[in-house]
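Have a look at the structure below, then the notes.
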Amino acid sequence: MLWFNPHSSERTRLLFDYYHHGLPNTKVGNHLITGSWVDNDGRYGWDDFVHTNTFDHAYTILEEEFTIGANRQPYTENLLQTTDGVVIIAADNPKLIPRSKLISDEEITALRNFVNRGGSLMLMLNGGGAGRFSESFESKQVRKLVNGFGLDWNDDDTHYSDNVLPKGHPYFYDVPTFHYGAGCTLKILPEASRPEVLLNVYADEGYPDRSVNGPGIVMTRPGRGKFILVGDAGSWTGNLSRPWAENERVLKQLFRYMKPDQGVQAATYELGKPLIYDVTVAGMQAIPLANTLSGVSRPLYKSFSPRPITDMPFIESTASITLIPRAETDLKSIRAEGIVSDFQWFDRPTTSSEEQTFSLMISKQGKVSDLEASGEHARWLAPDLPALIALLPVDGIRPGDSWESIENLRIPNLRGTDLPTVKLTNIDIHYVKNDVCGDKDCRLLQSSGEMWLDDLGIKVTDLLPEEEVKRVGGSNYRYFNKRGGKLLFKREQWVDMQSGMVVKARLQTRVIAWIQDTRKPVATNNADKDNEMIVSLANITTFSLNEAHR
């Protein structure tokens, strides 16, 4: 047994098969050992930074979430008790590599028992056809193993194809394009147990056989475990570096399906049944009097005075949000509509001639997309509305796990009642612990971080009121330093363990920036610079599921 990242953590343990697939063994000069450039011999190995078909890309990405080992012995019941998942990569073809070790009938039995007991098995293939013989895999024993799980493959080739994944995809998210690196398509046999096509693939325009189209990744669930068949191994090598595709995201999301089932399920929505949330928003600003931006008009704000000469503007708002699932799409996602009602600044009701509505799409995993809002109050709340839905990507997540997601971040501004700037940002969602919220047993999901304003593309004009941005002759303000300052954020969701519904969500954002008034000379010491330039803008939004709907 070889370990890529040996440690004693509680991460999911994966064994990659290097008993039926050779490690790099081709010598180049006196100092390099790599995989073959002629056939499959030694490709898909590790510690091989020379060959483009190395799995070092994948292991480097996956080591943050999994304990990865390389298996160099046949599979037995005892060996399989030491792991949670097994990955077999394009088992060597003895017609190409005479020393190849076939997967034995005894190993097939052990692997089937392993999956039935709750283990996960992933098997990767390659494109077929005469043109792919040099990259072919052993087929007789592999087919016996695959057929035992109710699947098979077609002897075809998608070529090197870019596949578009639509928004609302039921199994992958935040992936506009996935590059399928010359793989085959798969078959689902009648005896397959609960089969799910995780991804359909197709040949790109420009290849003569555009008719190649079908399942590329399929999962079945025999017994208590999972079997995943992938029609290509090369998608996880040098193809992870393609700058126009998102194979890294697919890799991370695919391997999360290897985690043993913990019974975690995203919310199932009843069409037409409304969910009502109470929302509160609070904001506070800290701007010294010496800073000319302290004079910005804030007609709806009140002042908090912790000291006789200190006034800190703050704002409060409340509203009710009704979320109504309306229809299910072909992708198994839910199209939902929403209404914002009873909107108030402090305790003052507001009126508007516009309808305060929004709509969004909720994927099977709980990923929100296509958010649209109309009406000033709905648009003002819109950046925070995705927090009403919990992204629970796979059933195997457990406390301590994390997953990535591209999410909206509200950017607080000087007149916080104006529509905010919104930035799409990649965040990590952490399953912190199991908690109690109200009377519900919940999963606590949390994201947090801090970033330089310039890294987020937040310009000084994003923070200023409209009259200053559009002032004749140009704005009087600029960042004192190109970094501007920092944005801090924290996002928390308490998710009902039974229903998958968000019981409570809280989003906190703060901007701390140094903004120079170009009409004034820059102070000589840092204390005066702070008094004349520092700006702190904070916003906290809280959603609570109405008691009547818990």
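Go through G263, T220, Y202 and say which Cα lies farthest out towards the positive end of the charge dipole of the stretch 158-317; charges sit on Cβ, +1 for Lys and Arg, -1 for Asp and Glu.
G263
With no solvent and one equal point scatterer per Cα, compute the Debye intensity ratio I(q)/I(0) for the chain at 0.05, 0.09 Å⁻¹ and report its log10, rounded to two decimals.
For the requested q values the scattering log ratios are -0.27, -0.78.
Of L385, P420, N434, which is farthest along the charge dipole of the stretch 355-444 in the positive direction, counting Lys and Arg as +1 and Asp and Glu as -1 at C-beta?
Of the options given, the answer is N434.
May I have the extent of the alpha carbons of the stretch 199-343 along their three principal axes, as whole Å values ordered from largest to smallest?
Cα extents, longest axis first: 75, 41, 34 Å.
Quick check: the distance between the Cα centres of the stretch 412-479 and the stretch 491-508, to the nearest angstrom?
20 Å
Between R194 and R519, 0.36 nm times their residue separation minus their Cα-Cα distance comes to what? Numbers along the way, then the final one.
Numbers: separation 325, 0.36 × 325 = 117.00 nm, distance 6.93 nm.
Value of the extension gain: 110.1 nm.
Rounded to the nearest 10 degrees, what's the angle between the helix 105-116 long axis and the longest principal axis of the chain, both from Cα atoms, 0 to 90?
Computed tilt is about 30 degrees.
Once R0 is set to 30 Å, what does the formula 1/(1 + (r/R0)^6) return for the Cβ-Cβ distance between T329 and W452, expressed as a FRET efficiency to the nearest 0.05?
Numbers: r = 38 Å, r/R0 = 1.28.
FRET efficiency, T329 to W452: 0.20.
What span do the alpha-carbon atoms of the stretch 98-221 cover on each of the three principal axes, reported in whole Å from largest to smallest?
44, 37, 24
How far apart, in nm, are the 7 Å Cα→Cβ label points at E337 and E270?
Distance between label points: 2.0 nm.
Let me check against my output: what whole-number percent is the relative contact order of the stretch 455-550, with C-alpha pairs under 8 Å and at least 6 apart?
Numbers: 130 pairs, mean separation 25.1, N = 96.
Result for the stretch 455-550 is 26 percent.
How about K167: which aspartates and glutamates have a C-alpha closer than 19 Å to its C-alpha, ignoring those fewer than 8 places off in the same chain?
Within the straight-line limit of under 19 Å, K167 reaches these aspartates and glutamates: E196, E246, E248, E328, D330, E337, D370, E372, E404, E407.
Quick one: putting +1 on the C-beta of Lys and Arg, -1 on the C-beta of Asp and Glu, what dipole do you get for the chain around its Cα centre, in Debye to the nearest 20?
On the way: 60 positive and 71 negative charges, 138 e Å.
So the magnitude is around 660 debye.
So, in nm, how far is label E64 from label F304 when the simple model puts each one 7 Å beyond its Cα toward the Cβ?
Reported label-point gap for E64 and F304 is 3.5 nm.
Grab every C-alpha pair in the stretch 334-480, bin the distances at 5 angstrom width from 0 up to the longest one, and report whole percents.
2, 8, 14, 16, 16, 17, 14, 8, 4, 2, 1, 0
Check the straight Cα-Cα distances from K529 and name the lysines below 21 Å, setting aside those fewer than 8 residues away within the same chain.
K529 reaches K459, K482, K486, K520.
Nearest 20 debye, what's the magnitude of the dipole of the stretch 196-307 about its Cα centre given +1 on Lys and Arg Cβ and -1 on Asp and Glu Cβ?
Working: 13 positive and 10 negative charges, 138 e Å.
About 660 debye.
Express in nm, to one decimal, how much length is gained between N25 and T318 on full extension, taking 0.36 nm for each residue of separation and deducting their alpha carbon distance. Mind dumping the intermediate values first?
Values: separation 293, 0.36 × 293 = 105.48 nm, distance 6.65 nm.
Here the segment from N25 to T318 would lengthen by 98.8 nm.
Specify whether the C-alpha gyration tensor of the stretch 240-288 places it in the rounded, prolate or oblate class, a ≥ b ≥ c being the square roots of the eigenvalues: rounded for a/c under 1.5, otherwise prolate if a/b is larger than b/c and oblate if not.
Values: a/c = 2.64, a/b = 1.30, b/c = 2.03.
The shape class here is oblate.
Can you pull the one-decimal nm distance between simple spin-label points at S104 and R224, each 7 Å off the Cα toward Cβ?
It is 2.7 nm.
Whenever you get a sec, line up R335, R491 from highest to lowest accessible area (probe 1.4 Å, protein heavy atoms).
On the way: R335 70, R491 25 Å².
My answer, sorted largest first, is R335, R491.
Would you compute, from DSSP H runs of 4+ residues alone, the mean residue ellipticity of the chain at 222 nm, taking -39500 (n - 2.57) per run and dividing by the full residue count, rounded to the nearest 500? Show your work: numbers first, answer last.
Working: 9 runs with 63 residues, N = 550.
Roughly -3000 deg cm²/dmol at 222 nm, from the helical runs in the chain.
So what are the radius of gyration and Dmax for the Cα set of the stretch 418-528, in Å?
19.5, 61
Distance between the C-alpha centers of the stretch 38-56 and the stretch 241-286? Whole Å please.
Cα centroid of the stretch 38-56 versus Cα centroid of the stretch 241-286: 34 Å apart.
Take the Cβ-Cβ distance between K140 and T280 as r, set R0 to 56 Å, and report the resulting FRET efficiency rounded to the nearest 0.05. Could you put the intermediate results ahead of the total?
Numbers: r = 65 Å, r/R0 = 1.16.
Efficiency, rounded to the nearest 0.05: 0.30.
Please give every one of the lysines within straight-line cross-link reach of K504, meaning a C-alpha to C-alpha distance under 18 Å, and leave out same-chain neighbours fewer than 8 residues apart.
K367, K433, K440, K490
Using only Cα atoms, tell me the angle between helix 247-256 and the longest principal axis of the chain; keep it within 0 to 90° and round to the nearest 10.
80 degrees
Using only the alpha carbon atoms of the stretch 1-122, find the Kirkwood hydrodynamic radius as the inverse mean reciprocal pair distance, in angstroms to one decimal.
Values: mean 1/r = 0.0659 Å⁻¹.
Taking the inverse mean of 1/r over all distinct Cα pairs, the stretch 1-122 comes out at 15.2 Å.
Ordering H7, H21 by how much accessible area each has at a 1.4 Å probe, largest first, what is the list?
On the way: H7 75, H21 0 Å².
Largest to smallest exposure gives the sequence H7, H21.
I need the chymotrypsin sites (Phe, Trp or Tyr not before Pro) found in the stretch 235-285, filtered to DSSP loop residues with at most 12 other beta carbons within 10 Å of theirs.
Working: sites: W236, W244, F255, Y257, Y269, Y277; in loops: W244, Y257, Y269.
Loop-located and lightly packed - W244.
Using a Förster distance of 51 angstrom, determine the FRET efficiency expected from the C-beta separation of E466 and R117, and round it to 0.05.
Working: r = 63 Å, r/R0 = 1.24.
The calculated FRET efficiency here is 0.20.
Subtract the Cα-Cα distance of N546 and D439 from 0.36 nm times their separation in residues, and report this length gain in nm to one decimal. It would help to have the intermediate numbers written out before the result.
Working: separation 107, 0.36 × 107 = 38.52 nm, distance 1.27 nm.
Full extension of this stretch gives 37.3 nm more.
The values are calculated or read from the model by the stated rules, or taken from the named source; none is laboratory data. Only a predicted model underlies this, so the values are computations on that prediction, with no experimental measurement involved. Cβ atoms come from the backbone with ideal geometry, glycine included; neighbour counts cover every protein chain shown. For the accessible areas, the whole protein counts, side chains as well, though only heavy atoms, and no ligand, DNA or RNA atoms are used. Shrake-Rupley method; radii C 1.70, N 1.55, O 1.52, S 1.80 Å.
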